[in-house]
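See structure below.
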Amino acid sequence: MKSTSVALCFLLFSFFISKEIFSQTNDDKYNRSEVMIPMRDGIKLHTIVFTPKNQTESLPFLLTRTPYGVSKYPSPEKIQYTRDMAEDGYIFVFQDIRGRYSSEGQFEMQRFNRNKKDPKAIDESTDTYDTFEWLLKNIPHNNGKAGMYGISYPGWTTVMGAIDPHPALVAVSEQATPADMFLGDDFHHNGAFRLSYGFEYAFMEEASKTDSLFPFHQYDTYDWYLKLGPLSNVNKKYFFGKLPSWNDFVHHPNYDAFWQKQSLPYRLDSPRVYIMNVAGWWDQEDFYGPQKAYEKWEKTDVHHKNYIVLGPWNHGGWAFGPGNKLGNIQFDSATGETFRKNIQARWFAYHLKGKGDGNFAEAITFQTGSNQWKNYDSWPPKDAVQKNLYFHANGKLSFEKPTSSSEAGYDSYISDPAHPVPYRTRPIEETYGPGSRWYTWLTEDQRFVQNRPDVLSWETDTLSENVTVTGNILARLFASTTGSDADWVVKLIDVYPEHYPKEPKMAGYEWMVANDVFRGRFKKSFEKPEAATPGKVEAYTIDLHSLNHVFKKGHKIMVQVQSSWFPIIDRNPQKFVPNIFEAKEEDFQKATHKIYRRAEAPSHIELSVMEN
Ligand code: PG9
């Protein structure tokens, strides 16, 4: 097993911590102390507390709870993510959650809510509560108020802290929390298993108490996963039944009580503290989560405590760097700096220290294409109108509905599990490994697959005026397969003009602005999968989530459809088997898929369009 320092991972602070700032230095603005905080069941959690060196007033706490190790955190003014808040002055607290790094106890991946009838039961919510209880009593010069924030897993622990919150907890910012690991976040999307992520993350968190990378001994993991063969080889050859999360994937192939009990819509009540949900439009891990958390809390937000921020970021991209670009895409201003200073720091200063005007829009979003910040008083905004983009013959896409019932009204391709479409350009480095391009893959130029015979494309004429899409997008596919199961990947793409003097290397660039995959067997129900009837035209609805993007005059809009995205999504055998984790080599078969574009089966994309 290759062990790695957390600095190799892109998880929470790890990416801000460079070797130069690991150690404490005399010019630090904060004093550091290390404590073991006892929980109600006697387990002690390893915690680092930073207090300002020249503290002149009582200050609120800002807590982050993480599975990724806190020992190496430098003074908070030295981390870009917390710098603006550190300059305002808080008592910063960083904690290893149960069972990880230097904390005692047993780690459980996204531990379930405790049984409230058992007074001794614990969960992440009670661990947060007990931490605040101890901090308030033991750290002097606090003002009795607390906030919490964090990205991804620490975003999720923030959400857990906001359930049955400690009375001192006033405001939180969950950032990129997962909400549902079967429907839309790290481990599955619409029931399709996120193989490379699930495999590598389960190993990283559960092979030992500290993060470790799986020893691939092969730089291009596309080949490695292909050679792996059926998923049953994972336990046979590598994990030997020892990693709980992998075993959970195998034992819960459908949306059963295990996944449902873990999902935030099941766990969340009315918002009891002020909540700022934060999501990045190109988040490669948890784009679904913060939107679902916001949506669920919004339903009962009678005291207006629930807010959302959506920006042009990858997973955690608001936390470091200027944020003026992502991959090859430029945003014309420092969106990360704007978030940290004008949104995050202002949020906590107002709620925890009473500073500022408290004027926060319900939805603060960065609109791409126009590259402008836009605020709304509801999300998605109510004034968008639905417009449908229909698939037509000869790769055409238009707002006109097909009128012909022609027998030939479809396009088709052969999907071969032995030659799956790569999800990003090869080599596909291990997710969190050295040189990995995982972080920006969603912005890669989709021309790299356009000529494959198993990827279909439809595009509009050159746009004669801007098309502004603000709100939710759905793909309605009418499709058939000669097999009995299939995956459907839909990608909505902004195609740059062929002549683009502003940035010549971007000429013709195919920028994917929305996407998702749907595992066909779950068409009727995520709980009870069903085989497809070979040759039967079925209607599939695929949520492409929300967007705030201007397709500019001179650009084109493109849609691509394909049936593999490897190895981020495992290969669908295309023959229905009860559990794909137990599929045999011989179950994997080629199939011919058809996408229909005729009057009674008009495949299309539903867009929320804003009139300018
Ligand atoms: N996306 C990561 C994760 C969160 C929660 C559970 C599993 C994975 C993360 O970046 O923390």
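Points to keep in mind about this one:
- Residue within segment 425-441 that is within 19 Å of HIS549 (Cβ to Cβ), crowded, with 16+ Cβ neighbours inside 10 Å, assigned by TED's automatic domain parsing to the domain that holds ASP487 and not acidic (Asp, Glu) present: yes
- GLY356 falls short on exactly one of the conditions (1) at negative phi; (2) open to solvent by 60 Å² or more (accessible area, probe 1.4 Å), and that condition is (1).
- Looking across LYS594, LYS584, one residue alone is under 13 Å from LEU231 (Cα atoms) and open to solvent by 20 Å² or more (accessible area, probe 1.4 Å). It is LYS584.
- Residue selected from segment 163-181 under the condition assigned to a loop (DSSP other than H, G, I, E, B) and of a type in the set (D, E, K, R), by the criterion nearest to the ligand (Cβ to nearest atom): ASP180
- In segment 328-345, the residues that are open to solvent by 10 Å² or more (accessible area, probe 1.4 Å) form Cβ pairs under 9 Å with partners that are charged (D, E, K, R) and part of a loop (DSSP other than H, G, I, E, B), at six or more places apart or across chains, as follows: ASN328/GLU444; ASN328/GLU503; GLN330/GLU503.
- Test: residue in segment 261-273 that is within 15 Å of the ligand (Cβ to nearest atom) and not in a helix (DSSP H, G or I): yes
- Beta carbons closer than 6 Å, at least 6 apart along the sequence or on distinct chains, pair a first residue in segment 289-301 that is assigned by TED's automatic domain parsing to the domain that holds LEU268 with a second that is open to solvent by 20 Å² or more (accessible area, probe 1.4 Å) and polar (S, T, N, Q) for THR300/SER270.
- Unique match (being within 16 Å of the ligand (Cβ to nearest atom) and surrounded by fewer than 22 Cβ atoms within 10 Å (Cβ to Cβ)) among MET109, MET160: MET109
A quick yes/no check of all residues on (1) within 23 Å of TRP441 (Cβ to Cβ); (2) of a type in the set (S, T, N, Q); (3) open to solvent by 20 Å² or more (accessible area, probe 1.4 Å); (4) more than 29 Å from the chain's Cα centre (by Cα):
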{"residue": "THR462", "(1), (2), (3), (4)": "no, yes, yes, yes"}
{"residue": "THR470", "(1), (2), (3), (4)": "no, yes, no, no"}
{"residue": "SER480", "(1), (2), (3), (4)": "no, yes, no, yes"}
{"residue": "LEU492", "(1), (2), (3), (4)": "yes, no, no, no"}
{"residue": "VAL495", "(1), (2), (3), (4)": "yes, no, no, no"}
{"residue": "HIS499", "(1), (2), (3), (4)": "no, no, yes, yes"}
{"residue": "MET506", "(1), (2), (3), (4)": "yes, no, no, no"}
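- Residue within segment 526-547 that is assigned to a loop (DSSP other than H, G, I, E, B), open to solvent by 10 Å² or more (accessible area, probe 1.4 Å) and closer than 23 Å to ARG424 by Cβ present: no
- Unique match (being assigned to a strand (DSSP E or B) and either free of Cβ contacts under 8 Å to residues at least 40 places away in the same chain or within 14 Å of the ligand (Cβ to nearest atom) (or both)) among GLY150, GLY198, GLY184: GLY150
The values are calculated or read from the model by the stated rules, or taken from the named source; none is laboratory data. Just so we're clear, the structure is a prediction, and the values are computed from it rather than from any experiment. Because the Cβ atoms are built from the backbone with ideal geometry, glycine has one as well, and the counts that use them run over all protein chains shown. These accessible areas exclude ligands, DNA and RNA; they are computed on the full protein's heavy atoms, side chains included. Shrake-Rupley method; radii C 1.70, N 1.55, O 1.52, S 1.80 Å.
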